[in-house]
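What follows is a single structure, written as structure tokens, with notes after it.
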Amino acid sequence: MEYTISKLAKLAGVSTRTLRYYDEINLLRPARINHSGYRIYGQEEIDRLQQIRFFRELDVDLVTIVSIMNDPQFDKTNALQQHYAQLVNKRSHIDKLIHTLEKTIAHERGEYLMTNEEKFNAFKEKMIQENEDQYGVEIRQKYGEQTIEASNAKLRGMTEKEYADMQTLEKEIFQLIKQALVLNDPHSDVAQEAAAKHKEWLMYSWSSYSKEAHAGLAEIYVADERFQAYYEKIGKGATELLHNAILIFLEKNK
């Protein structure tokens with residue numbers, strides 16, 4: 001069955017403008033253009049759009065989606081299985097948030113005595129799950145199951161203050177990288193402060209620290225598109241600057 005752009009937009013719950021933009025960025029091309037100049041989409045394009053919608057539902061940015069789906073090695077079945085697992089995890093997290101809210105409401109009514117740790121468990125689980133969903137396979141291959149499980153256990157054991165401090169520290173690192181981008185110098189004091197704070201930030205989740213592991217993580221940052229996208233939100237070149245600043249920091253602190 002074939003669809004015009006307006007019919008496909010209605011079917012998929014997107015705008016025709018969105019579909020035209022997907023065409024422009026080489027994400028979703030129509031199967032053909034008919035004699036009247038209308039974009040016509042077939043089953044292959046419909047299935048591809050469904051994949052795109054899954055990625056967008058999981059907050060994957062368009063640049064990353066284009067890179068993934070235009071890769072000749074892209075496996076549609078494997079991607080669907082990953083979407084399924086991630087959405088199940090997302091549902092599990094929502095269930096935990098609902099449960100935490102129920103206990104919080106009961107606590108406010110005096111019907112239940114809620115500990116401070118309980119108030120933040122769902123948020124810590126979300127942080128762990130997001131890391132697993134995005135980078136779990138790669139970091140487990142690089143650092144091993146035991147190391148990652150120890151890291152997750154440390155995150156789960158954080159106190160209320162430690163959790164808040166970790167979130168604050170991450171914001172400080174982002175701000176420092178933003179300032180360092182203006183200078184475009186990984187040797188600068190502000191870039192080196194960002195690298196030092198990055199080490200401090202890692203220690204909230206790492207059960208032990210080594211310079212080799214820190215350098216290895218910096219290499220992953222520039223090699224993996226997902227890490228790049230995370231830090232490039234600060235500004236273009238942010239990932240490479242942080243990578244270089246970390247390596248300089250490690251060299252200076254042998």
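The values are calculated or read from the model by the stated rules, or taken from the named source; none is laboratory data. As the structure is a computational prediction, the values presented were derived from the model and not from experiment. Neighbour counts are summed over all protein chains in view; Cβ atoms, including those assigned to glycine, are modelled from backbone coordinates with ideal geometry. For accessibility, only protein heavy atoms count, side chains too; no ligands or nucleic acids. Shrake-Rupley method; radii C 1.70, N 1.55, O 1.52, S 1.80 Å.
Some points to look at:
- Computed from the C-beta positions of ALA150 and ASP47 and an R0 of 30 Å, the FRET efficiency is 0.15 to the nearest 0.05.
- Max mean-square fluctuation residue, GNM over the chain, Cα-Cα springs under 10 Å, options TYR163, TYR21, TYR204: TYR21
- Among the listed pairs LYS199/LYS252; LYS76/LYS126; LYS154/LYS233; LYS76/LYS124; LYS76/LYS236, those with a Cα-Cα distance over 21 Å are LYS76/LYS126; LYS154/LYS233; LYS76/LYS124; LYS76/LYS236.
- Förster radius 22 Å - calculated FRET efficiency between THR159 and LYS199, Cβ distance, rounded to 0.05: 0.60
- Most mobile of LEU11, LEU58, LEU87 in a GNM of the chain (Cα contacts under 10 Å): LEU11
- The chain - percent relative contact order, Cα under 8 Å, separation 6 or more: 13 percent
- When only Cα pairs below 8 angstrom with a gap of at least 6 residues are kept, the range 128-254 shows a relative contact order of 28 percent.
- Computed [θ] at 222 nm, helices only, for the chain once each DSSP H run of length n ≥ 4 contributes -39500 (n - 2.57): -24500 deg cm²/dmol
- The alpha carbon centroids of the range 2-78 and the range 140-171 are separated by 37 Å.
- Sulfur and carbon atoms: percent of accessible area, the range 119-254 [1.4 Å]: 51 percent
- Contour minus Cα-Cα distance for GLU251 and LEU87 (0.36 nm per residue): 54.9 nm
- Virtual spin-label span in nm between VAL63 and ASP95, 7 Å along Cα→Cβ: 3.6 nm
- Computed over protein heavy atoms with a 1.4 Å probe, the accessible surface of the range 5-44 works out to 66 Å² per residue.
- Of GLN129, ILE246, GLN73, farthest towards positive along the dipole that unit charges on Lys, Arg, Asp, Glu beta carbons give the chain: GLN73
- Magnitude of the charge dipole, the chain, Cβ model with Lys/Arg +1 and Asp/Glu -1, debye to 20: 680 debye
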